[in-house]
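Below you'll find the structure, written out as structure tokens, and then a few comments.
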Amino acid sequence: MSLGKERRSFSRRIALLYHYLEFLGIDYAKDQGKRCKECPVGHTRSTHKVGLAEDILFYGPNGEYPHPDAHNLYVKAHDFWDVIGGAPRIENDLNHFSNEWNGVR
């Protein structure tokens, strides 16, 4: 699959995830999405650098960050992400949602 087609697929998955978070009543914010290729943050071949990753932050009922039950909410979000075909979760980076590209997720 071409990178363009994969990015379009990722965009649709992220939209579905946002709708699911709304359905669950989770207050969230988009954090880091596409990064420039020279960005020193993260893995050198990060899926962020090709536009196939997004970090999402969960806020609590009174706007506090992080959400007091963030871990369990991320588990639910990733369970849904798995169902719609996103890349498997990274245990130490639960706010990261991506499509796999060239063996990187």
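Each value in this text was obtained by applying a stated rule to the coordinates, not by laboratory testing. Every value quoted in this text rests on a predicted model; they were computed, and no experiment measured them. Heads up, the Cβs are rebuilt from the backbone with ideal geometry, glycines too, and the neighbour counts pull from every protein chain shown.
Out of all the residues in the stretch 86-98, which are out of contact with any Lys or Arg (no Cβ under 7 Å at 6 or more places or on another chain), part of a loop (DSSP other than H, G, I, E, B) and touching a residue at least 40 places away in the same chain (Cβ under 8 Å)? Residue satisfying the conditions is ASN95 alone. Of the residues that sit in the stretch 44-54 and are in contact with a strand residue (DSSP E or B) (Cβ under 6 Å, 6 or more places away or on another chain) and part of a loop (DSSP other than H, G, I, E, B), which one is farthest from ASN99 (Cα to Cα)? Looking at the filtered set, the residue picked out is ARG45.
If only residues of the stretch 1-43 that are of a type in the set (Phe, Trp, Tyr) and touching a strand residue (DSSP E or B) at 6+ places or on another chain (Cβ under 8 Å) are counted, the one that is surrounded by the fewest Cβ atoms within 10 Å (Cβ to Cβ) is TYR18. Test LEU52 against the criterion of being within 13 Å of the chain's Cα centre (by Cα) and under 16 Å from ILE90 (Cβ atoms), and give yes or no. Taking the combined requirement at face value, the residue satisfies it. Checking ASN99, ASN62 one by one, the residue that is of a type in the set (S, T, N, Q) and touching a helix residue (DSSP H, G or I) at 6+ places or on another chain (Cβ under 6 Å) is ASN99 and no other. Being over 30 Å from LEU3 (Cα atoms), of a type in the set (A, V, I, L, M) and not in a strand (DSSP E or B), is that true of even one residue in the stretch 26-37? Yes, some residue in the stretch 26-37 is over 30 Å from LEU3 (Cα atoms), of a type in the set (A, V, I, L, M) and not in a strand (DSSP E or B).
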